[in-house]
1. What is the diffusion coefficient of the range 136-178 in µm²/s, taking the Kirkwood radius over Cα pairs and the Stokes-Einstein relation at 4 °C with a viscosity of 1.567 mPa s?
2. With only alpha-carbon pairs counted, each pair once and no self-pairs, how large is the Kirkwood hydrodynamic radius of the range 172-279 in angstroms?
3. Taking the Cα atoms of the range 97-234 alone, what are Rg (to one decimal) and Dmax (as a whole number) in Å?
4. Quick one: what are the phi-derived ³J(HN,Hα) couplings along the range 148-163, Karplus 6.51/-1.76/1.60 with θ = phi - 60°, whole Hz, x for glycine and proline?
5. What is the order of 90, 405, 146, fewest Cβ neighbours within 10 Å to most?
6. Order these peptides, 221-231, 280-290, 154-164, by their mean beta-carbon neighbour count within 10 angstrom, highest first.
7. Dividing the Cα radius of gyration by the Kirkwood radius, what Rg/Rh value follows for the range 376-416?
8. Using only Cα atoms, locate the centre of the range 395-441 and the centre of the range 78-112, then give the distance between them in Å, rounded to an integer.
Amino acid sequence: MSIKRTLLTTAVSIGCAASVASMASADEITVVTVNNADMITMQELAPAWEEATGHTINWVVLEENVLRQRTTTDIATGGGSFDVMFIGAYETPIWGAKGWLTPLDDFAENADYDLEDIFPLVRDGLSADGSLYAVPLYSETSFTFYRTDLFEAAGIEVPTEQITYTEFAEMAAQLHDPENGVYGTCQRGKAGWGENMAFVGTVANAFGARWFDEDWQPQLDSPEWNAAITYYVDLMNESGPPGASTNGHNENRALFKDGACATWVDATSAAGDVRNTETSTVADVTDFFQAPMEETANGTGWFWSWALAIPASSQNVDVAKDFLIWATSKEYFEMVGESKGWVAVPSGTRQSVEEDPRRLEAAPFAETIVSAILSVDPTNPTRDPVPYTGVQFVAIEEFQGIGNYVGQQVAAALAGQATVEEALANSQAFAVREMTRAGYID
């Protein structure tokens, strides 16, 4: 059977009762998403769903920070601009608890969809008050990408256990060779709670920092935060590429794939793209080891899921549900494997996919990724006790504004527009103001 025929058959066969009803008339749904490789693949495969159902998709594709701004504004105001949103493990429980998202509990009744096949940690991260509010395309933690050829040439021994960030900086300095177009390390610098602060937050955790103490008092002017941000700024100034304060995940991924970075600490979900010989110049000389620690190992690898959700304001809920079932099903992952190669299959979501021999043969690192994801404990993200859950974010509504502001201050310090002390003093003042306004502190 051809791939296209398989897509059409699957799009019909895995539908639930809602999808049968939706076939009666053709509708257009608007899907807003981020501009990453996995969602570009989904756009390429989605015409099969459109042909099978008679419905059409209006894609709105945005840069990550812009996506978060647009979806937050629309969902909070009930704007109804979108039928499907690509959101994550931070927004989903908060918005679901507020009644802003459509519950997806009926997905459990669809035997073909097999909700139980999705890892429990992932399902729990996309739920609130016992209800599921989004279904995942992929999940991730963070680890270190490194160039095996450069390590060998420099005589650097590959770590077999978790190293410290101090040791990592020494490696990056040794590998830094800008005259030959290779930078010791490429790390996120673009401001945003989900951009630079995803990486910086885990560095802060490693240095023993925390966003808030047990009484919700902000801790951004602590010695631990100062040590972490000083380390980060020094690392990037000494061993990073020029203009690092404007580079986010996508920019660094492109740099690494083009051979410009010796190391990169970032999302495990990028491994398939980096190890894909059709998309990466360093596919055959890239391997991975654990993200570094420093004072503690707690919270040194983040946890995240990118998922699809339906705003409560959507007027096309049944059609949107049918699309979600298609786009996150076991059969969809197989479509990706057949059309793009099993190394390109979205990772960290479904147990059956991660155990598939075709996946394991094409991506021998898949087991390492799953093991790393399932080892993350969002309830124990820091060295010292905290009142919040979340590794690279704090699972409260106010964090988005605070995280974005701190991200801007850290980016300014990286760009040399502020000292680390100034950046953290500004961050502390802003966080105190926001937490006071929200009633967490007096």
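Any read-out appearing in this document is the output of simple, stated calculations on the displayed coordinates, not a laboratory observation. For clarity, every value in this text was computed on a predicted model and none was experimentally measured. Glycine gets a Cβ as well: all are built from the backbone with ideal geometry, and neighbour counts include every protein chain shown.
1. Estimated via Stokes-Einstein, D reaches 107 µm²/s.
2. Hydrodynamic radius (Kirkwood, Cα only) of the range 172-279 equals 14.7 Å.
3. Every Cα atom of the range 97-234 included, Rg and Dmax give 20.6, 59 Å.
4. 5, 5, 6, 4, 5, 5, 8, x, 8, 6, 6, x, 10, 10, 5, 8
5. The most exposed by this proxy come first: 405, 90, 146.
6. Going from most to least packed, we get 221-231, 280-290, 154-164.
7. Radius of gyration relative to Kirkwood radius: 1.07.
8. 29 Å
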